[in-house]
Amino acid sequence: ERLLSYDRAIHSDPSFRRDQKDGLLRDLGHYMRTLKAVHSGADLESAISNCMGYQAEGEGFMVGVQINPVADLPSGFPELLRFILQHVEDRNVEALIEGLLEARQELRPLLLKSSDRLKDLLFLDIALDSTVRTATERAYEELNNAGPEKIMYFITLVLENLALSSDDNEDLIYCLKGWHLAISMCKSQSAHWALYAKSVLDRTRLGLSSKAEWYQRILQPSAEYLGSLLEVDPWAINIFTEEVIRAGSAATLSSLINRLDPVLRETAHLGSWDFLMQVVMSWDSWQVISPVEVVGYVDVVEELLAVQNKSYDRPTILVAKSVKGEEEIPDGTVAVLTPDMPDVLSHVSVRARNCKVCFATCFDPKILADLQASKGKLLRLKPSSADVVYSEVKEGDLADSSNLKGDGPSSITLVRKQFGGKYAISAEEFTPEMVGAKSRNISYLKGKVPSWVGIPTSVALPFG
């Protein structure tokens, strides 16, 4: 029952033969040592020992080894590290994570200045960061039945940990402040706390997406260069950076906000769709992006995994009942629609971004049923800020569509704008024929937001 309760549930019943016994005992013994090394704080313990100092009581070459404490550690820091070691395996992890974050905050100034023991300090900080992740993952089972306030609190802890691990972290800090305000609004039962929290959640997702793209830019070229020289399998090279990202705090944070999103969406009465378009993020009325229109033939599958190696010979809109996150997007697919909500940093989400595939999560079973009933039909999808408008089209009407010819996933018509005779116009004159959507949105907001929200005074150079 516990294995079935996991986010990635294990459904298989065990089936062992007598002749498997010795091999399984050996493999499981090695596995247990690995788990202890990662989860019981062995790496953390050695990192703390190197900074706090110790004298070896070993044999042979280890006799007489003495490691001196790092000089100028903050006052009370040794006691804080001892508290962490005493509670590193606690089932209730809140106090442990708070202690880990306090230790990282105390350590941060030492990491920013020159020291002959900088390497030891760096490894201690890495070990503290890793322990935050493993402790948070230990709390997942408890969070299954937790309310939104508790999940938001854990989000603030993991987000703070990620900010401490990030150099350019200004946007993460703004998100952290937003989450603290969302928690206080939730406690006071503010009318729009869920809507505000959803906006902070989407901003946090954008920050995670930007961080993933940054890792991709700085790490992947080196991975491909070294991987080719070392003759590493191409599939391993392709996912190298993704695995680095998923091994850090960003993946833990992404998992937590994924748990909270459906709760906020239901509480705030938002729409039926979440979009993962190009940058693989969810969009609603708080974050409007003009997505690409898609045309394709509908195919319905139980799970994306079953067709990931398939190659479609015509543009295909896949309606998949199950998308877990590790799958590939099949060749020829222009859109994936699903009731599942895969992690924003999952493999399939990254692929959707890189391959410019429309990827949308639908929470309305009636809409999904209607899409499934359209199997084999040619549909046009027109995503807007909070909905997907779809309609059946005839093949003859789209003979010239680049989407159907396989040149790309989108069909775009550009209309040349005409000069209207004015070189500058005020906000009252903004129209679709004169200015773009950003300018019009500023004009649209006037009179629709509270008086304490300032609207920029705007003039524009019109089209033409």
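The values are calculated or read from the model by the stated rules, or taken from the named source; none is laboratory data. Values in this document were obtained by computation on a predicted structure and should not be read as measured data. In this analysis, Cβ positions are derived from the backbone assuming ideal geometry, glycine residues included, and neighbour counts consider all displayed protein chains. Note: areas computed on protein heavy atoms with side chains; ligands, DNA, RNA excluded. Shrake-Rupley method; radii C 1.70, N 1.55, O 1.52, S 1.80 Å.
For Lys356, a cut-off of 15 angstrom between C-alpha atoms picks up these aspartates and glutamates, skipping any fewer than 8 places away in its own chain: Glu213, Glu293, Glu328, Asp331, Asp407. Between rounded, prolate and oblate, where does segment 39-268 land on the alpha carbon gyration tensor, with a ≥ b ≥ c its root eigenvalues, rounded for a/c under 1.5, else prolate if a/b exceeds b/c? Oblate, since a/c reaches 1.5 and b/c is not below a/b. Here the chain carries DSSP beta bridges of which approximately 55% are antiparallel, counting only pairs with both residues inside.
Along the axis of the charge dipole computed for the chain (Cβ charges of +1 for Lys and Arg, -1 for Asp and Glu, origin at the Cα centre), the listed residues Trp193, Leu96, Val453 are led at the positive end by Val453.
Computed over segment 65-124, the quotient of the alpha carbon radius of gyration and 2.2 N^0.38 Å is 1.22. In terms of its C-alpha gyration tensor, segment 107-160 has an oblate overall shape, because the principal axis ratio a/c (a ≥ b ≥ c, square roots of the eigenvalues) is not below 1.5 and a/b does not outweigh b/c. Rounded to whole Å, the principal axis extents of the Cα atoms in segment 291-350 read 27, 27, 18, largest first. The aspartates and glutamates whose alpha-carbon is closer than 18 Å to the alpha-carbon of Lys21, local same-chain residues fewer than 8 away aside, are Asp13. 3J(HN,Hα) along segment 203-213: 5, 5, 4, 4, x, 5, 5, 4, 5, 5, 5 Hz, from the Karplus curve 6.51 cos²θ - 1.76 cosθ + 1.60 with θ = phi - 60°, whole Hz, x for Gly and Pro.
Students sometimes get this wrong: rank His192, His269, His87, His347 by accessible area, probe 1.4 Å, all chains present, largest first.
His269, His192, His87, His347
FRET efficiency for the pair Glu266 and Leu35, taken as 1/(1 + (r/R0)^6) with r the Cβ-Cβ distance and R0 = 35 Å, rounds to 0.45.
Carbon-plus-sulfur accessible fraction, the chain (probe radius 1.4 Å, protein heavy atoms only): 54%.
Think of a 1.4 Å ball rolled over the protein heavy atoms: the chain then has 57 Å² of accessible area per residue. Summed over all non-identical Cα pairs, the Kirkwood treatment of the chain gives a radius of 25.8 Å. Here the dipole of the chain is about 1280 debye; that uses its Cα centre as origin and unit charges on the Cβ of Lys and Arg (positive) and Asp and Glu (negative).
Over segment 283-392, what is the percentage of antiparallel beta bridges among all DSSP beta bridges, to the nearest 5? Of those bridges, close to 40 percent are antiparallel. Cross-link partners of Lys113 among lysines, defined as those whose alpha carbon lies under 29 angstrom from its own and excluding same-chain residues fewer than eight positions apart: Lys177, Lys211. Taking a ≥ b ≥ c as the square roots of the eigenvalues of the alpha carbon gyration tensor, segment 283-392 is rounded, as a/c is under 1.5.
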